[in-house]
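Engineer: Okay, handing you the structure first.
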Amino acid sequence: MSITKKSKIYSTCLFIFFVIVAIITLLPLALLAVSSLRPGSDLMRYGLNFSIDWANANLNEYKMLFSGANSYFVWYKNSLIITVVRVALALFLSACVGYGFAMYNFKGKNILFLCVLLVMMIPTEVILLPLYRLIVKMGLINNMWGIILPYLVVPMLVFFFRQYLMGIPKDFLDAARVDGCTEYGIFFKIMIPLMKPSFAAMGIYQGMQSWNNFLWPMIVTNSIDKITLPVGLQSLLSPYGNNYDILIAGSCFAIIPILALFVCFQRYFIEGMTAGGVKG
């Protein structure tokens, strides 16, 4: 068998494999979309399945979401604001720290970076109580900044940006300094444009983390107009009634921001993730 024929068979098998993986991945989303068209009584009686009576299919749950009869879009707005602010600040501040580790030599650099790696290994659940006590002392309970503050500098992002920047030659810095560029100018005018793929990759990752974050916002917020979307959707399930129809419709609509984020930055995603693993 020729090498060309082997290559074609390999490519075909690989294509079929990824098609199967894509179908398996999309099945839960398709199930969610189909179930959102079914009446709540059918959901309670038969559960989630692809069996649907199209004669009874309707958009009543979506109409209820847009009618303002509940706080869904208040939760949605809270999640959007928190996600945008958190992602923007986390990317910028973590990039600054990663840039310092990658491009400068200073006393205690390796020890500090080791501390960053150690913090990465600590599960968030372990430090929830100290974090909560800190937020209480700062008076940020039931406040947007109480949710954002613990995630302003993310160890995983610091590590990623450091690895990414170590793959960039330091000749850029030396040439800029010779031309009279300041250290801040080097970072903002030279390094940030070179870091676009890494910003895109980590923006998608951090955006998903923030949008889907449930435990910490649930602990920090205690009023219905301050909670985020995941906490709000969970509140629809209670001992006094389960609004599965609204929950499923709301979950479908909640996918849109993350899907839009990935579509906008997908061309940078693979490049950024691959480059981030290169060590200079």
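Engineer: Can you find, within segment 258-274, the residue that is modelled with the lowest pLDDT among those that are surrounded by 17 or more Cβ atoms within 10 Å (Cβ to Cβ) and in contact with a Gly (Cβ under 8 Å, 6 or more places away or on another chain)?
Structural biologist: The residue in question is Phe265.
Engineer: Taking segment 25-66 as the region of interest, how many residues are modelled with pLDDT under 75, in a helix (DSSP H, G or I) and either within 17 Å of Leu236 (Cα to Cα) or open to solvent by 40 Å² or more (accessible area, probe 1.4 Å) (or both)?
Structural biologist: 6
Engineer: How many of the residues in segment 193-233 are polar (S, T, N, Q) and surrounded by 19 or more Cβ atoms within 10 Å (Cβ to Cβ)?
Structural biologist: 6
Engineer: Go through segment 71-82 and count every residue that is polar (S, T, N, Q) and surrounded by 17 or more Cβ atoms within 10 Å (Cβ to Cβ). Steps first, please.
Structural biologist: So in segment 71-82, the residues polar (S, T, N, Q) come out as 71, 78-79.
From what is left, the residues that are surrounded by 17 or more Cβ atoms within 10 Å (Cβ to Cβ) are 78-79.
Result for segment 71-82: 2.
Engineer: Quick check, is Asn142 outside any helix (DSSP H, G or I) and on the phi > 0 side of the Ramachandran plot?
Structural biologist: Judged against the criteria, Asn142 is a match.
Engineer: Sticking with this one: When you look at Ser94, is it in contact with a Gly (Cβ under 9 Å, 6 or more places away or on another chain) and within 30 Å of Tyr151 (Cα to Cα), yes or no?
Structural biologist: When the stated conditions are applied, Ser94 does not pass them.
The values are calculated or read from the model by the stated rules, or taken from the named source; none is laboratory data. Bear in mind the structure is a predicted one, so any value in this text is a computation, not a measurement. Cβ sites come from the backbone with ideal geometry, for glycine too, and all protein chains shown count toward neighbours. Areas reflect the complete protein model, heavy atoms only, side chains present, ligands, DNA and RNA absent. Shrake-Rupley method; radii C 1.70, N 1.55, O 1.52, S 1.80 Å.
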